[in-house]
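Only one structure is covered here, and it is reproduced in the block below.
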Amino acid sequence: MRPPCCEKNENMKKLAYLTLFLCLEIYQPLMAQFPGAVEKRSSITLKHGSHRLGKRTDAAMETWRNYGLGQFIHWGLYAIPGGHWNGKYYAGAAEWIRSWEGMPKGDYDNLYKEFNPKQFDAKAWAAQAKQMGARYVIITTKHHDGFCIWPSKYTSYTIANSPYRKDALKEIVDAYDAEGIDVYLYFSIIDWNHKGYRSASPQTIEEKRSYEEFKKFTANQLKELLVNYPSAKGLWFDGTWDKAWIEQTAFADSLETELRAIRPGLIIGSRFRADEFGRRHFDSNGDLMGDYEQGWERKLPNTIEDVHGNDWDCVMTVPENQWGYHSEWRGHVKTSVELIEMMAKSVALDGNFVLNFGPDGQGNIRPEETKIAKEIGEWMKVNNEAIYDCGYAGLEKQDWGYITKSRKTGKYYLIVFNLPVSGDLRIKVSPGSGIKKLYDLVEPKTVYNAEEIHRSKTEGNEYFIHLKDKPLEPKVIVLESTEKEKDSEVLYERAKT
Ligand code: H79
């Protein structure tokens, strides 16, 4: 018989294990819902966690990091109903209309028989993207409905069986390639058309068998895409939050390895696979999975701390929550100035900004989007130097706007959105450095002189730049800074405090 104290210890141990188990059971799935909420908790050995610490430094990823602005395109069968069916308005996202009780599933599943976009002109889309200043495009090859805009040989639910017949994806890839815009392929793991697809964990033998078929099908399609479109630089995954998929840890990890072997330099975000504890985006050690954080959908980080030193992209819609074509946008529609501000903020926080377009069932880009693309393009034409090849400047954030820094030249760009009533822009340069030259990007002749730049006496690296005129559009001021003083002098300064 054990002494009572031992039994008490055993009971305490049991209680501790139970508490730990409950915490993990509740905490892990909860955290999986909030990828941004990373917490470095432990350093456990993971088989299917992150395979790299820190940023990728190869040329392909350098190119990705320096894009600044991208275009997203959502185009598929959902463009035909355009958010309406039988005269009724669907309040959800247009590309989700199949999940609405207002549209019979059979009606949706027959839409492919009508897909015949007579106005579709991939070259015109690419030319518009080029004019807007996009340096990459992410195109929906297959959304949740499962319809493929390329002639996949693994399903009959493709464009090849629509009246259009041709390979629209190839037309798009070729057109963007010709404009020098890098192509990334969006792929939804959710597939409402495949018999084996399920969201919940498969239970019966039959369910498990058909889910295995679905996995094989998914792998085949992904390999097919990489082989058929050899210029595509990466894959943008969506619909990976289902329990059934999260459980495929080992399968997804080995598939990712295979895909990377097919295409050296391939770029995949943090949305593809989960680790063995079901953690998504960040593994159980808090380390990023994939090449960049892919959790910023229709939202932006606020501070540099929010991005944990990682690469990331923000994908944004023009209206509130419409990706595919919805003929009736309700609620706030963003203006080009708002979108330029989001782009500046993204780059200032080390990310890329990707703006979505939802062409209609005939292949037209709607006038509202065309207008926005044109306006962003006009701004980019003269100001792109503040966006391309730029990232976090390492300087204190100011309320008047955003500061970016060229990774190539080291120049700083002050992107001004809100001029204070005083007309003074406050800036704090790196300690020990000063302003060598300050001028307008649009008119480099406008060099700010000593009268317009006041240096703070108590804080040597703080300056106030006086702007005589209130800018009428987001304005960029270029700052070339002097070298930092020698280390020994900086140390001497520090020692005095
Ligand atoms: O492709 C776009 C979205 O369709 C996709 N990701 C972007 C890039 C996406 N799928 N799911 N989600 C985003 C989040 C889920 C939203 C939902 Fe709903 C809430 C699905 C059902 C309720 C929004 C509102 C969509 C339909 C109603």
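The values are calculated or read from the model by the stated rules, or taken from the named source; none is laboratory data. If you're wondering where the values come from, they're calculated on a predicted model, not measured in any experiment. Every residue, glycine as well, gets a Cβ built from its backbone with ideal geometry; the counts of neighbours run over all protein chains shown. Only protein heavy atoms, including side chains, enter the accessible area calculation; ligands, DNA and RNA are left aside. Shrake-Rupley method; radii C 1.70, N 1.55, O 1.52, S 1.80 Å.
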**Study point:** DSSP H segments from the chain that extend 30 Å or more along their own axis, Cα-based, with Kyte-Doolittle mean of -0.5 or above
**Key:** 4-33
Practice item. Between V382 and A91, with labels modelled 7 Å along Cα→Cβ, what's the label distance in nm to one decimal, could you check? Key: 4.3 nm
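Using the crude model of +1 on Lys and Arg Cβ and -1 on Asp and Glu Cβ, and no other charge, please compute the dipole size for the range 297-356 relative to its Cα centre, in debye to 20.
On the way: 5 positive and 10 negative charges, 48 e Å.
Charge dipole of the range 297-356: 240 debye, to the nearest 20.
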Study note, to complete from the structure: Shape call for the range 393-482, from the Cα gyration tensor axes a ≥ b ≥ c (a/c under 1.5 means rounded, otherwise prolate when a/b beats b/c, else oblate), comes out rounded
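If contacts are Cα pairs under 8 angstrom and at least 6 residues apart, what is the relative contact order of the chain in percent? It would help to have the intermediate numbers written out before the result.
Numbers: 938 pairs, mean separation 82.6, N = 497.
Result for the chain is 17 percent.
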Check your understanding: How much FRET efficiency would the formula 1/(1 + (r/R0)^6) give for D399 and E206, where r is the Cβ-Cβ distance and R0 is 41 Å, rounded to 0.05?
Key -> 0.10
Point to revise | T370 paired with E483, simple spin-label distance in nm, labels 7 Å along Cα-to-beta-carbon | key: 5.4 nm
Point to revise | Net lengthening on full extension, L300/T446 (0.36 nm per residue, minus Cα-Cα) | key: 49.3 nm
**Study point:** V337-E462 FRET efficiency (beta carbon distance; Förster radius 30 Å; 0.05 resolution)
**Key:** 0.60
Practice item. Show F187, F251 ordered by accessible area, largest first, where the area counts protein heavy atoms only and the probe is 1.4 Å. Key: F251, F187
Study note, to complete from the structure: Residue span D58 to A124: 0.36 nm per residue of separation minus Cα-Cα distance leaves a gain in nm of 20.5 nm
**Study point:** Fully extended contour minus Cα-Cα distance, from K195 to E114, at 0.36 nm per residue
**Key:** 26.9 nm
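In the range 68-175, which trypsin sites (Lys or Arg not before Pro) are in a loop and have at most 16 other Cβ atoms within 10 Å, using DSSP for the loop call? Don't skip to the answer; put the middle values down first.
Numbers: sites: K88, R98, K105, K113, K118, K123, K130, R135, K142, K153, R165, K166, K170; in loops: K118, R135, K153, R165, K166.
Here the trypsin sites (Lys or Arg not before Pro) that fit, given the DSSP loop and packing criteria, are K118, K153, R165, K166.
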Review point. How would you order 289-301, 367-379, 444-456 from highest to lowest mean count of nearby Cβ atoms within 10 Å?
Key: 289-301, 367-379, 444-456
Check your understanding: Of K113/K243; K166/K345; K153/K334; K153/K374; K130/K408, which pairs sit farther than 30 Å apart, going by alpha carbon to alpha carbon?
Key -> K113/K243; K166/K345; K153/K334; K153/K374
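What number does the chain give for Rg over Rh if you use C-alpha atoms and the Kirkwood radius? Before the final figure, lay out each step's value.
Numbers: Rg = 25.9 Å, Rh = 25.1 Å.
When Rh is taken as the Kirkwood radius, the ratio is 1.03.
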Point to revise | Sequence ranges 258-269, 50-61, ranked by mean other-Cβ count within 10 angstrom, highest first | key: 258-269, 50-61
**Study point:** Separation of the K233 and Y154 label points, Cα + 7 Å toward Cβ, nm
**Key:** 2.5 nm
Review point. Taking K216 as the anchor, which aspartates and glutamates have their alpha carbon closer than 16 Å to its alpha carbon, excluding any fewer than eight residues away along the same chain?
Key: D191, E206, E207, E224, E247, D253, E256, E258
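Given the -39500 (n - 2.57) contribution per DSSP H run of 4+ residues, what per-residue ellipticity at 222 nm results for the chain, rounded to the nearest 500 deg cm²/dmol? Kindly include the intermediate steps, with their values, before the conclusion.
Working: 11 runs with 147 residues, N = 497.
Per the formula, -9500 deg cm²/dmol.
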Review point. Long-range amide H contacts for G83: which residues qualify at under 5 Å (H placed 1.01 Å from N, peptide plane, sequence gap of 5 or more or a different chain)?
Key: S327
Point to revise | Surface accessible to a 1.4 Å probe, T409 within the full protein complex, Å² | key: 90 Å²
Review point. Round to a whole number: what % of the accessible area of the chain belongs to carbon and sulfur, probe 1.4 Å?
Key: 54 percent
